[in-house]
Amino acid sequence: MSNLLDAFLSADMNVEKDVYIKRFDDHIRIKALLEEEINELREQATHYVGKGKSRKQEFDADVFNGLLIARACVNIDFGHAKMLAKYKAVDAGDCVRKALFAGEIIMLQEAVLRLSGFDDTDDEELIEEAKN
């Protein structure tokens, strides 16, 4: 067997990392997401506008970022009833956008994407696209 095959066969798909959030003086633990999960979140953040021939898809990057962070967080449940009530949020993604500052969202979003394999310099465009 080749070294590459051995690497694939022994790879751990449960990759996690702690991200320090200064405002809370604590770490949020995030996990890497698979392509299937990211695609599902992308679908949830896409809606249709218009009717007939003028109907088109619109992607809401803010909704996507909130859902991405909510899905990746391991040690905090942004969908917890107390969190939703405190921040008057309708779902976990909405709670992320209401509970975290903009810079915290960007920091977590970039960390999730990097942990999920978007860490090559060629992938900077994908990270920028997801931020917008």
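So that you can scan it fast, the table gives a plain yes or no per residue for (1) touching a residue at least 12 places away in the same chain (Cβ under 8 Å); (2) not in a helix (DSSP H, G or I):
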{"position": "Gly66", "(1), (2)": "yes, no"}
{"position": "Arg71", "(1), (2)": "yes, no"}
{"position": "Asn75", "(1), (2)": "yes, yes"}
{"position": "Gly79", "(1), (2)": "yes, yes"}
{"position": "Leu84", "(1), (2)": "no, no"}
{"position": "Ala89", "(1), (2)": "no, yes"}
{"position": "Cys95", "(1), (2)": "yes, no"}
{"position": "Lys98", "(1), (2)": "no, no"}
{"position": "Glu104", "(1), (2)": "yes, no"}
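Lys131 is checked against (1) modelled with pLDDT of 95 or more; (2) under 12 Å from the mean Cα position of the chain (by Cα) and fails just one. What number does that condition carry?
Every condition holds for Lys131 apart from (1).
Identify the single condition in (1) loosely packed, with under 11 Cβ neighbours inside 10 Å; (2) in contact (Cβ under 8 Å) with a residue 12 or more places away in the chain; (3) under 19 Å from the mean Cα position of the chain (by Cα); (4) not in a strand (DSSP E or B) that Glu58 does not satisfy, given that it satisfies every other one.
(4)
How many residues does region 108-119 hold that are closer than 20 Å to Lys22 by Cβ and over 11 Å from the mean Cα position of the chain (by Cα)?
Qualifying residue count, region 108-119: 0.
Within region 10-41, how many residues turn out to be in a loop (DSSP other than H, G, I, E, B) and surrounded by 11 or more Cβ atoms within 10 Å (Cβ to Cβ)?
The number of residues fulfilling the criteria is 4.
Using the structure shown, decide if Lys31 is in contact with a Cys (Cβ under 9 Å, 6 or more places away or on another chain), under 22 Å from Ile105 (Cα atoms) and among the charged types (D, E, K, R). Break it down stepwise before answering.
Values: in contact with a Cys (Cβ under 9 Å, 6 or more places away or on another chain): yes; under 22 Å from Ile105 (Cα atoms): yes; among the charged types (D, E, K, R): yes.
Criteria met by Lys31.
The values are calculated or read from the model by the stated rules, or taken from the named source; none is laboratory data. Keep in mind that this is a model prediction, so the values were computed, not measured. For neighbour counting, all protein chains shown are included, and Cβ atoms are generated from backbone atoms with ideal geometry for every residue, glycine included.
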